[in-house]
Amino acid sequence: MRLNKRMALPEELSFQNLSEKRLSLYDVMDRILHFMASDPHSSYQFVIGTDSQVFNGYTKFITGIIMRRIGKGAWACYRQVVVPREFTSIKEKLMYETALSQEVAYYFTRDGGVRRMEEFLLPYVYQGASLELFIDIDAGTEPIVNKTSLYVQELVDQVHGMGIYEPRVKPDAYGASSYANRYTKKPVEDGKKYAKP
């Protein structure tokens, strides 16, 4: 069996938010379950979305993970990936963003994270608990407003192929277009090493 060198192992995935740094995938899962435990009767949306920003010599990708308690707050964190080249093709950038979201979603599925969330809420289903799973795609469907509309169906089909997550696009894709977008704007600290002369 040949290993895919592009796909990170779960131990190599590192997340952060405003209060914590270097969270492993398992740390993130623990934080999510702790957040859910504070109100197990609620409806939840588990959202993964990626956005990117091109800088001089590199492209910064941010994948956000959001556990939203409908009407009652959220817990979130993000992962940063820096690719040492400028992505100039809209399609390539969207495909890579979606692939990064799918990678994180895959680990939550494979390593039992989604199952743990479902099992946690199961005793509370008749009291109103629910869980929806989304991958947010940073593309819109309006051709006049969004150049990305040409690629929406292909990206939606790509996410549907996973079988467990529901794809969302703008304006509903807040995980990518709002949360992840917020952290793409600032250049990386060592960004000068990527800069073109």
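Restricting attention to region 159-192, the residues that are out of contact with any helix residue (DSSP H, G or I) (no Cβ under 7 Å at 6 or more places or on another chain), aliphatic (A, V, I, L, M) and in a loop (DSSP other than H, G, I, E, B) add up to 2.
The condition of being modelled with pLDDT under 90, aliphatic (A, V, I, L, M) and under 16 Å from the mean Cα position of the chain (by Cα) holds for only one of ALA139, ALA176, that being ALA139.
Every residue, every condition in (1) touching a helix residue (DSSP H, G or I) at 6+ places or on another chain (Cβ under 7 Å); (2) within 20 Å of THR109 (Cα to Cα), yes or no:
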site: PHE15; (1), (2): yes, yes
site: SER19; (1), (2): no, no
site: ARG22; (1), (2): no, no
site: TYR26; (1), (2): no, yes
site: ILE48; (1), (2): yes, yes
site: ASP51; (1), (2): yes, no
site: LYS60; (1), (2): no, no
site: ALA76; (1), (2): yes, yes
site: PRO84; (1), (2): no, no
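The strands (runs of 3 or more DSSP E) falling completely within region 26-142 that include 3 or more residues that are surrounded by 14 or more Cβ atoms within 10 Å (Cβ to Cβ), in contact (Cβ under 8 Å) with a residue 24 or more places away in the chain and aromatic (Phe, Trp, Tyr) map to 43-55. Filtered by the rule that a residue be under 12 Å from the mean Cα position of the chain (by Cα) and either more than 17 Å from ASP51 (Cβ to Cβ) or of a type in the set (A, V, I, L, M) (or both), region 82-120 gives ALA99, LEU100, VAL104, ALA105, TYR106, TYR107, PHE108.
The values are calculated or read from the model by the stated rules, or taken from the named source; none is laboratory data. Small disclaimer: the values here were computed from a predicted structure and weren't measured. We place every Cβ from the backbone using ideal geometry, glycine too, and count neighbours over all the protein chains shown.
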